[in-house]
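Have a look at the structure below, then the notes.
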Amino acid sequence: AQSVTQPDIHITVSEGASLELRCNYSYGATPYLFWYVQSPGQGLQLLLKYFSGDTLVQGIKGFEAEFKRSQSSFNLRKPSVHWSDAAEYFCAVERGYSTLTFGKGTMLLVSP
Amino acid sequence: IAGITQAPTSQILAAGRRMTLRCTQDMRHNAMYWYRQDLGLGLRLIHYSNTAGTTGKGEVPDGYSVSRANTDDFPLTLASAVPSQTSVYFCASSDGRGYTFGSGTRLTVV
């Protein structure tokens, strides 16, 4: 069965520092890949998605992600974190019959 | 504004009661989904519908039922609520190019 792993439950980053959130998936074919962000008490906002083509994907709010087929990874990055980036981040994979499977999430804390 | 409307926003429900969570979209998306979100578990798929008139079971379907009589509406019913169904429920839709999520329904079963 396909799955999505986000190995870090919590990450603390200093404001202005760089960020990388990890995501690994297990799936037979190259899936469609997504990153979502959720602020407390809010719904999910799409940051970026990868369907095909260039493996480096640019998203909103200065985020980017790189698809690495050999590592089955789709890590999210941001060069300089702002306090407003504190939230929970979810990686998701689209399954064969067009449903999303989510990782368990990574909570990002930003220290001053 | 195009999107997904979920109702109610929150609800406290006595165990054993029946409850229907409503979801309506105005984007004419063919596919719709119900997820539940629990702390430390992320979002898990309950049921989905690829098009009006069809539904399918997701990862955690037990205790829930859905119907898809038309394109716009996808209600989720708890026939007899139990405390383990306390969760935040998200409805979503897709046109094959991406997913749109509602704002969620926070359900507490006591």
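Buried between B and A is an accessible area of approximately 1500 Å², summed over both sides with a 1.4 Å probe.
For the stretch B:39-62, a decrease in accessible area of 40 Å² or greater in the assembled protein chains relative to the isolated chain, with a 1.4 Å probe, applies to B:43. Share of carbon and sulfur in the accessible area of the protein assembly as shown stands at 50%, probe radius 1.4 Å. Residues of chain B were split at every exposed loop site, defined as trypsin sites (Lys or Arg not before Pro) in a DSSP loop with at most 10 other C-beta atoms within 10 angstrom, and the longest piece left, sites excluded, is B:29-96.
Please list, by residue number, every one of the GluC sites (Glu not before Pro) in the stretch A:1-91 that is coil in DSSP and has at most 15 other beta-carbon atoms within 10 Å. Please report the intermediate quantities before stating the final value.
On the way: sites: A:15, A:20, A:64, A:66, A:88; in loops: A:15.
Passing both the DSSP loop test and the Cβ count: A:15.
Rolling a 1.4 angstrom probe over the protein heavy atoms with all chains in place gives the stretch B:16-62 an accessible area of 51 Å² per residue.
Summed over the residues of the stretch A:3-111 and divided among them, the accessible surface reaches 46 Å² per residue at a probe radius of 1.4 Å.
Contact-buried residues of the stretch A:7-45, at a threshold of 20 Å² lost accessible area versus the chain by itself: A:36, A:38, A:43, A:44 (1.4 Å probe; DNA, RNA and ligands ignored). For chain A, a crude dipole built from +1 on the beta carbon of Lys and Arg and -1 on the beta carbon of Asp and Glu, taken about the Cα centre, is about 240 debye to the nearest 20. Summary of the geometry: the stretch A:1-73 and the stretch A:83-112, compared by the centres of their Cα atoms, lie 7 Å apart.
The values are calculated or read from the model by the stated rules, or taken from the named source; none is laboratory data. What you see is a predicted model; the values in this text were computed from it and never measured. Cβ sites come from the backbone with ideal geometry, for glycine too, and all protein chains shown count toward neighbours. Note: areas computed on protein heavy atoms with side chains; ligands, DNA, RNA excluded. Shrake-Rupley method; radii C 1.70, N 1.55, O 1.52, S 1.80 Å.
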